[in-house]
Amino acid sequence: MTVELAPLADLRPDPDDSAPLYLQLAKRLTEAIRNGRWKAGDALPSERQMCEILGVSRVTLRKALDTLAADGLVEARHGSGTFVSDRVHQPMSVLTSFSYDMESRGQTPSSRWLKHGYFPATPEEAMALGSTPGDTIFRLHRLRLADGEPMAIEIAVLSRHDVPDPAAIGTSLYAYLAARGREPVRALEHLRATILHGEDASVLSMPDNSPALYITRIGYLTDGKVVEFTRSYYRGDRYDFVAELHRQPDASTPAE
């Protein structure tokens, strides 16, 4: 679907604003996408049309679109134009929930519970939670969706004492934990490439042998205790995890 031209007029930069025009425009376009005004896969109008309606030069427009592209919000397709990205560019420097990530992109998150209940901890789960193998834990196996599209499979494991009422969890596990004063404040994640097979591929509506990202997360409370151990399979055709790197200054060598 192509974005309608008329509504673009209210995104024009403010001539009385001291911020550079391209940053004003980038901010307004970003808000339009994150507020759900435009959806993933929508095609933006041509550069000529956008420049005329927004009252900016092609250089300003391109700088604004480059800013959005760097944030993973739009993508240029050779010979086709610019589209609202259907890939999720997930920063690795901030601890957020799936629900928050999708809502910030203007998408509606939802979950489908596949399995859940109290079970004996496996050796891997017990090691992550700092408990003993065989101890009773709560395990929540969910399909995560955005605008109804399958995005990831999550298997979250917590102490049974942190989940006395599973029915109260709702869409966001982190919101449930926050309400109990048990939300993680930091986490350690490990990522690796993997291949989807069998039931996992089917649940994510992907062909067998499709690429995916396998991520483990251990979430910690303010006192350093582990509250969460989560294993996730993210669709490789929908997710990019992005890390911002900074050069470590060498005290013995002046920075260039």
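The values are calculated or read from the model by the stated rules, or taken from the named source; none is laboratory data. The structure displayed is predicted, hence computed values, not measured ones. So basically every Cβ, Gly included, is an ideal-geometry build from the backbone, and we count neighbours across all protein chains shown.
Pull up the range 62-117, narrow it to residues that are at pLDDT below 75 and among the polar types (S, T, N, Q), then point me to the one that is nearest to residue 218 (Cα to Cα). Per the stated criteria, the residue is 93. Once the range 120-149 is narrowed to residues that are over 16 Å from residue 169 (Cβ atoms) and hydrophobic (A, V, I, L, M, F, W, C), the residue that is nearest to the chain's Cα centre (by Cα) is 146. Is there a residue in the range 27-35 that is free of Cβ contacts under 8 Å to residues at least 60 places away in the same chain, among the hydroxyl-bearing types (Ser, Thr, Tyr), within 16 Å of residue 85 (Cβ to Cβ) and touching an Asp or Glu at 6+ places or on another chain (Cβ under 8 Å)? Yes; the residues of the range 27-35 include at least one that is free of Cβ contacts under 8 Å to residues at least 60 places away in the same chain, among the hydroxyl-bearing types (Ser, Thr, Tyr), within 16 Å of residue 85 (Cβ to Cβ) and touching an Asp or Glu at 6+ places or on another chain (Cβ under 8 Å). For the range 38-64, which positions are closer than 19 Å to residue 85 by Cβ and surrounded by fewer than 15 Cβ atoms within 10 Å (Cβ to Cβ)? Correct list: 41, 46, 47. Does residue 153 fit the bill of being within 26 Å of residue 72 (Cα to Cα), part of a strand (DSSP E or B) and touching a His at 6+ places or on another chain (Cβ under 9 Å)? Here the answer is yes, as residue 153 does meet what is asked. Within the range 204-236, the set of residues being of a type in the set (Val, Ile, Thr) and in contact with a strand residue (DSSP E or B) (Cβ under 8 Å, 6 or more places away or on another chain) comprises 215, 216, 218, 226, 227, 230. Just to verify a result, which residue in the range 183-231, among those that are touching a helix residue (DSSP H, G or I) at 6+ places or on another chain (Cβ under 7 Å) and over 20 Å from residue 95 (Cβ atoms), is surrounded by the most Cβ atoms within 10 Å (Cβ to Cβ)? Out of the qualifying residues, it is 210.
Any residue at all in the range 202-210 that is in contact with a Lys or Arg (Cβ under 7 Å, 6 or more places away or on another chain), assigned by TED's automatic domain parsing to the domain that holds residue 163 and under 18 Å from residue 126 (Cα atoms)? No; the residues of the range 202-210 include none that is in contact with a Lys or Arg (Cβ under 7 Å, 6 or more places away or on another chain), assigned by TED's automatic domain parsing to the domain that holds residue 163 and under 18 Å from residue 126 (Cα atoms).
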